[in-house]
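What follows is one structure encoded as structure tokens, with my remarks underneath.
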Amino acid sequence: MWIKPEEVAPGTALWVTEDTNEFFRLQRRRGYGEGKGLAGGTREEIAVHWTWLEQNLLHTLSIFESSEDQTEFITGKIKGIIAEEQHGMKGEGSSGEQFREATMRFCHLFAMPQAEHLVTFVSCSYWKGRVPRHGWLYLSLNHACFHSFLLGKEVKLILPWVEVRCLEKKATVLFPEGVEVSTRGSDYHFSMFLNVGDSYGLMELLADRAARQLLGTDSIMEPRKFCEVSTSSSPSGDGFGLKGELEALGRSYHYQLRFSLPRCENMQMEAECSLWLTVEKKHVQGQLYTSQRYLCFAASEDSLPSLVIPLREVAMIEVASKSNVLPNALAVSTRGHLSFFFAFLRDRDSLLQHLIQAHMTAFVEANAVKSPLQLPQGSGSAACEIINKSVDSCDLDTTKMSDLAVTDDPVYKSTPALLNIFCRQGFEEPNSKLAKEVAKEEMWKIHFAKYGRGPCVYRIHSMRHLVQLGIPVRLRGELWLLFSGATHDLAKHPHHYEGLLEHSQGLASLVTEEIERDLHRSLPEHPAFQSELGIAALRRVLTAYAFHNPRIGYCQAMNIVTSALLIFADEEGAFWLLVALCERLLPDYYSNRVVGALIDQAVFEDLLREHLPTLHCHLKDLGFIATTSLSWFLTLFLSVLPFESATAVLDCFFFDGVAAIFRLALAVLHANASNLLMCHDDGEAMQLLSRYLDNVTNKDSILPSVPHLHAILSADGKNQPTVDVHELIRAAEQKFSGVTFDIIEQMRRKKRLEVVQSLEDTTKRNVVRTISADHTNFSTNELEDLFHLFKVEYLHNMYWSSDQEMHSLCSHNQNLAYTMQYRLGRTHFQRLFQRLSPWPDGPHTVCLADRTFHIANRDGSGLVSFRDLVAVLGILYRGDLTERLRMIYKLHLVPTNMKAKVEMETCLDYRAILKKWEQEKLDKERELKDLPKMNQAQFIQLCKTLYNLFGQDENEQELYRAIAVVANLLLSIGEAGQKPLQSNTSFLWTPCEGASLDVAHSFSNESKSTEGSCFQAKESGAKSGQASSNDAATTFLLFSSSAAQPPECGILSDGAAGVEAANVDESHSPSENGSAQQITRRTLNQDGWTITCEQFLASLLTEPTLVTFFEQPVDVAAKICNAQASVLTHRLGPVDFCKLMNH
């Protein structure tokens, strides 16, 4: 154990020095030695700590020049280790006082809001140059923050996870074993962790979560749910619940992928055990996993044998009889009369209780449609309690399932596997191929007789061998459903596909148009898709999936893969195979940006560099890897291999997952390595591989030969050597057997960060280029900086927004146009506008920001895109005098404090968006000329805004005088066009609908704060016609009196009788002090009082001071710099760029 360092005397005769180095001494007797904190009860514990000191501190201590610095560094480091050990020893049921203190310190040091949940904090050192800075690393949901105060210097570091491009665990001579975090700007090295493996694993999980957030995948909300659960269920408020939930989420995701299970399955228990193979009479060591509805097993050394047992198929779970062969074992019996034995279980009893409970739940779900419900024997009252619970938490929304009710009259007739209709001649004509096909079927029957058939079946090496030989065509659909896990979805939701078809019948959208366009491009050489029967089945499956998962909808290459599925599986089975393919086997592949395929492409490039380094260097120079491998992964070789050969590849894919595709791709390049090295350009290399793949044949296939169209067109009449696909598959398995599922998943997590950051850079460039084409008033660099600030606010909304409805609307959607992928709601737009406002901040800023939001929110969705923001700021920053004044005028035609109408649309009509943009361009000039007239209430608000703009200008007094003159002139112009007043007109202010009484009387109340009243009651027949100077002073006091408070946003009703404005003499100028004198009034009639934009412009142009003020150029670079600084120092949340602050 580690103890607090203390200064002690050197060792005496009672101490035996066993090891020593320049800085430390290892002594045998128990006590305090020069080891400065190292003590233990066992030699093994001491040896581990001594090794840690030598590996992590010896190279570091040589950097310090004085022994005092060395002592202070060692003392601080060991104290941090002790604190971390105490932190780690605390259980979830503890008070969590230390964690609460760390959370408060974290929020205080880095200005984090309470919504930023701290996950954990660890002691480590940050290397700034060649000097380590010992401190604490705080890991929260969205940021990694480091703080150190050592030798009188403080270091603060904030790293948002969304900015991380690479995360690696590495060890060098200079940097002991630690973690390197790479961002766009620089690299950050952290070392001397007490447990670097656990810290790195959690950091990797948090970075991966952030990358998935940027991708907009379904898992974006899961951590937020975990936060809500942990904060509500943990009374102590510690972060261990959140950390545990996040780690459980990572384990469950890996569990789902490994065993091809639905996304709703969360791994609940894991135990070491051995599986007894009754046929071979031997034990296989491995891990047993349980979830809500499944029991799974995987071997430790190899992934095979493996086993997936749906609990709905289980008949009995019991303790196995005691024997030497099966010690401490459980026996699981299925309805198919199969028995499985799991031995050497350490905590067998608790596992048994858990399995009985889960089995009861699965039984209730499976029999929910039956009445009366028959429960297993001996279930007792526990089963009744389960019935009353909500047991269906699957990722397929049960509410949607109920909405898709199936009527008695189905909308389609189930289409069987197209193989049975269009390929029957292969079974009718006896030949050698048919004999081999029958032999394969017999081999599978023998295997089923030994190991069982159905959902509960062993996956062992003999089955893999049979798959590599080629699955018989009549068994292919059944086994594809089994290997992919689609059979579980089909059993759980038997009528979901029919409901989707009924729901989508007769509906047309952009997605259905895309599907219709690609129907005749789907395996056009195959006879099944030269018939309306096959085309109609393909249309239904693709349309049903588009409605089943609107987030993906329809994407390129889905039609090709679905065509192959329909040949061997019936229509409903092909639909569930497509679900498994898009959502489990190839996650994130099928989207507009094919992110998953790009990630696997980067993984493949690394594998090629590792296994074929010479070929990798050559192909990288040709730029060949990216252009070729993408089509291989997207279509699973269906687009490059003859169909009968590609089906053999699909057999291996469904059995081994995507690892089979990687191995085959490496084998293809390895077989052509010598020829590829002689190619001089990518075109020559592509032609070489295309010819090779066209001649990969399946000699044993009874299917009709269906060559690709490009193979027919490119044939040069020469006989090309052929390669049997099964030989190629076996060669791939032998040469690249090290490419496993676990290796690929580990590489995927690493490459996902790089690919996502690359896509974000592409998005920024496309947005900037698109907006630059609109002839904006900003340069490219300015647009990039503005986009960065806009994205910061968007991420803050994603992190901490309490409005769930607006949060879902603002969520990242890859299917939108680039300029629409990031959008802000009202609150975050107002915050951003206040930072970027071209005028000094003041009481007018909030109201003006709200008005600007209404102008920018042109489609009424309650969201503003970056394009909309740039359109407004471009005028306010760089527009000419007329454009700026027109915009200010237009802003005050919009009433504020109006709730934006938020439209919750699941599908966006892209044609409507394009038409809207087209119409906006046509109406832009007309809109400026046809601005509506401004009424008196809007004019008052305009004058308030103009008055507040001048508060920090050096010519403040002159501007006040000028705006008073202009306001008086406009009042006179408005009076000239109004109806004559009656003699008994009185003062009346009527609040608009929903406005408060305080808002309605804002002017009369606010005017009381000045020395004299701006509104004096007088007879309605009082004389008017005062001097213009008096009118100017009157107007000035009318608006200056309310400037001390934020301007209210009241609206005068159209039926108001009138507003009385007082006249004061020139002695009430703001530059002079004195008591208010008696003011005469002038009566203004509200009815019919209006001014036009042209009148506003003409009146304001009469004052050179105002013209000079509004013609002043805005320093955009300074505004952006100040906004970035404001985000850092005065934000509600952290900055979204890496920032190192040294004090």
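The values are calculated or read from the model by the stated rules, or taken from the named source; none is laboratory data. Keep in mind that this is a model prediction, so the values were computed, not measured. Reconstructed Cβ throughout: ideal geometry from the backbone, glycine too, with neighbour counts over all protein chains shown.
From the list Leu881, Leu863, which one is in contact with a helix residue (DSSP H, G or I) (Cβ under 8 Å, 6 or more places away or on another chain) and buried (at least 18 other Cβ atoms within 10 Å of the Cβ)? First the steps, then the outcome.
Working: Leu881 fails: buried (at least 18 other Cβ atoms within 10 Å of the Cβ).
Matching residue, one of Leu881, Leu863: Leu863.
Close Cβ contacts (under 7 Å, 6 or more residues apart or on different chains) running from residues in segment 279-306 that are among the hydrophobic types (A, V, I, L, M, F, W, C) to residues that are assigned to a loop (DSSP other than H, G, I, E, B) comprise Val284/Pro305; Ala299/Pro305; Leu304/Ile460. Is there a residue in segment 185-206 that is small (Gly, Ala, Ser), at pLDDT below 85 and surrounded by fewer than 17 Cβ atoms within 10 Å (Cβ to Cβ)? Taking every residue of segment 185-206 in turn, at least one turns out to be small (Gly, Ala, Ser), at pLDDT below 85 and surrounded by fewer than 17 Cβ atoms within 10 Å (Cβ to Cβ).
Against the condition in contact (Cβ under 8 Å) with a residue 12 or more places away in the chain and within 21 Å of Phe633 (Cα to Cα), how does Leu585 come out, does it pass? First the steps, then the outcome.
On the way: in contact (Cβ under 8 Å) with a residue 12 or more places away in the chain: yes; within 21 Å of Phe633 (Cα to Cα): yes.
It is true that Leu585 is in contact (Cβ under 8 Å) with a residue 12 or more places away in the chain and within 21 Å of Phe633 (Cα to Cα).
Hey, among the residues in segment 609-623 that are of a type in the set (A, V, I, L, M) and assigned to a helix (DSSP H, G or I), which one's nearest to Ala673 (Cα to Cα)? Applying the filter and picking the extreme gives Leu615.
Table: residues versus (1) crowded, with 20+ Cβ neighbours inside 10 Å; (2) over 31 Å from the mean Cα position of the chain (by Cα); (3) closer than 23 Å to Ala557 by Cα.
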position	(1), (2), (3)
Cys456	yes, yes, no
Leu469	no, yes, no
His495	no, yes, no
Gln505	no, yes, no
Ala508	no, no, yes
Glu513	no, no, yes
His520	no, yes, yes
Gly534	yes, yes, yes
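Need at least 1 residues that are within 29 Å of Ala298 (Cα to Cα) and at pLDDT 85 or above per element, so show me which helices (runs of 4 or more DSSP H) inside segment 334-440 make the cut, counting only ones lying wholly within it.
On the way: elements: 348-366, 380-387, 398-403, 419-422, 425-428.
Where helices (runs of 4 or more DSSP H) fall fully within segment 334-440 and carry at least 1 residues being within 29 Å of Ala298 (Cα to Cα) and at pLDDT 85 or above, they are 348-366.
Within segment 518-549, being in a helix (DSSP H, G or I) and of a type in the set (Asp, Glu) holds for Asp518, Glu532. Among the residues in segment 601-608, are any free of Cβ contacts under 8 Å to residues at least 40 places away in the same chain, in a helix (DSSP H, G or I) and surrounded by fewer than 18 Cβ atoms within 10 Å (Cβ to Cβ)? Within segment 601-608 (the criterion being free of Cβ contacts under 8 Å to residues at least 40 places away in the same chain, in a helix (DSSP H, G or I) and surrounded by fewer than 18 Cβ atoms within 10 Å (Cβ to Cβ)), the answer is yes, since at least one residue qualifies. Somewhere in segment 571-578, is a residue in contact with a Phe, Trp or Tyr (Cβ under 8 Å, 6 or more places away or on another chain), of a type in the set (A, V, I, L, M) and at pLDDT below 95? No, there is no match, as no residue in segment 571-578 is in contact with a Phe, Trp or Tyr (Cβ under 8 Å, 6 or more places away or on another chain), of a type in the set (A, V, I, L, M) and at pLDDT below 95.
Conditions (1) assigned to a helix (DSSP H, G or I); (2) touching an Asp or Glu at 6+ places or on another chain (Cβ under 7 Å); (3) touching a residue at least 60 places away in the same chain (Cβ under 8 Å), marked per residue:
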{"residue": "Ser629", "(1), (2), (3)": "yes, no, no"}
{"residue": "Phe633", "(1), (2), (3)": "yes, yes, no"}
{"residue": "Phe637", "(1), (2), (3)": "no, no, no"}
{"residue": "Ser645", "(1), (2), (3)": "yes, no, yes"}
{"residue": "Cys652", "(1), (2), (3)": "yes, no, yes"}
{"residue": "Phe655", "(1), (2), (3)": "yes, no, yes"}
{"residue": "Phe662", "(1), (2), (3)": "yes, no, yes"}
{"residue": "Ala665", "(1), (2), (3)": "yes, no, yes"}
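The residues on offer are Glu45, Glu6, Glu34, Glu22, and the sole one that is at pLDDT below 75 and in a helix (DSSP H, G or I) is Glu45.
Take the residues in segment 303-319 that are of a type in the set (D, E, K, R) and outside any strand (DSSP E or B); name whichever of them is surrounded by the fewest Cβ atoms within 10 Å (Cβ to Cβ). This residue is Glu313. Filtering segment 139-164 to residues that are surrounded by fewer than 20 Cβ atoms within 10 Å (Cβ to Cβ) and in contact (Cβ under 8 Å) with a residue 24 or more places away in the chain leaves Leu150, Leu151, Lys153, Glu154, Val155, Lys156.
Could you please find all residues in segment 478-528 being at positive phi and in contact with a helix residue (DSSP H, G or I) (Cβ under 7 Å, 6 or more places away or on another chain)?
Of everything in segment 478-528, those that are at positive phi and in contact with a helix residue (DSSP H, G or I) (Cβ under 7 Å, 6 or more places away or on another chain) turn out to be Gly485, Leu523.
Would a scan of segment 309-319 turn up a residue that is within 43 Å of the chain's Cα centre (by Cα), modelled with pLDDT of 90 or more and among the acidic types (Asp, Glu)? Yes, segment 309-319 contains at least one residue that is within 43 Å of the chain's Cα centre (by Cα), modelled with pLDDT of 90 or more and among the acidic types (Asp, Glu).
Restricting Lys764, Lys735, Lys791, Lys751 to those that are surrounded by fewer than 18 Cβ atoms within 10 Å (Cβ to Cβ) and touching a residue at least 12 places away in the same chain (Cβ under 8 Å) reduces the list to Lys735.
What number goes with the only condition from (1) buried (at least 19 other Cβ atoms within 10 Å of the Cβ); (2) modelled with pLDDT under 85 that Asp841 does not pass? With respect to (1) buried (at least 19 other Cβ atoms within 10 Å of the Cβ); (2) modelled with pLDDT under 85, Asp841 is out only on (1).
Taking segment 640-683 as the range and being closer than 28 Å to Pro524 by Cβ and surrounded by fewer than 18 Cβ atoms within 10 Å (Cβ to Cβ) as the test, the residues that pass are Asp682, Gly683.
Take Arg453 and tell me if it is among the basic types (Lys, Arg), in contact (Cβ under 8 Å) with a residue 24 or more places away in the chain and within 27 Å of Ala732 (Cα to Cα).
Working: among the basic types (Lys, Arg): yes; in contact (Cβ under 8 Å) with a residue 24 or more places away in the chain: yes; within 27 Å of Ala732 (Cα to Cα): no.
Here the answer is no, as Arg453 does not meet what is asked.
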